[in-house]
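Engineer: Provided herewith is a single structure, encoded as structure tokens, for subsequent inquiry.
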Amino acid sequence: MAQYLEIDIASQSETETEALANLEEALSLHFEPSVATIIPHFCIIECLIFK
């Protein structure tokens with residue numbers, strides 16, 4: 001088992017080398033920027049303010 005305690009990510013495998021490789025992949029996926037799967041819909045709202 002390989003674990004990165006500062007951000008609570010762990011990985012395991014049959015060998016230490018594989019566990020460390022899996023942990024490296026998990027860390028890279030954790031810090032990878034997220035990608036929107038749905039395009040956001042925007043609309044313009046006009047407001048009139050009376051005094």
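Engineer: Of all residues in region 22-51, which are out of contact with any Ser or Thr (no Cβ under 8 Å at 6 or more places or on another chain), closer than 19 Å to Tyr4 by Cα and not acidic (Asp, Glu)?
Structural biologist: Within region 22-51, Leu27, Ser28, Leu29, His30, Phe31 qualify.
Rundown of residues vs (1) at pLDDT 80 or above; (2) surrounded by 10 or more Cβ atoms within 10 Å (Cβ to Cβ); (3) not polar (S, T, N, Q), yes/no style:
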| residue | (1), (2), (3) |
| --- | --- |
| Tyr4 | no, yes, yes |
| Ala10 | yes, yes, yes |
| Thr15 | yes, no, no |
| Ala19 | yes, yes, yes |
| Glu25 | yes, yes, yes |
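Engineer: Something else about it: Which numbered condition in (1) open to solvent by less than 100 Å² (accessible area, probe 1.4 Å); (2) modelled with pLDDT of 85 or more is the only one that Ala36 fails?
Structural biologist: Here Ala36 meets the rest and fails (2).
Engineer: Pairs, please: C-beta under 8 Å, at least 6 apart or cross-chain, first residue under 16 Å from Asp8 (Cβ atoms) and in region 22-51, second open to solvent by 100 Å² or more (accessible area, probe 1.4 Å) and in a loop (DSSP other than H, G, I, E, B)?
Structural biologist: Hits for this filter: Asn22/Gln12.
Engineer: For region 21-44, check the following and say yes or no: at least one residue is touching a helix residue (DSSP H, G or I) at 6+ places or on another chain (Cβ under 6 Å), assigned to a loop (DSSP other than H, G, I, E, B) and of a type outside the set (Gly, Ala, Ser).
Structural biologist: No, the conditions are met nowhere in region 21-44.
The values are calculated or read from the model by the stated rules, or taken from the named source; none is laboratory data. All of these numbers come straight from a predicted model, not from anything done at the bench. Glycine gets a Cβ as well: all are built from the backbone with ideal geometry, and neighbour counts include every protein chain shown. SASA here: full protein model, heavy atoms, side chains in, ligands and nucleic acids out. Shrake-Rupley method; radii C 1.70, N 1.55, O 1.52, S 1.80 Å.
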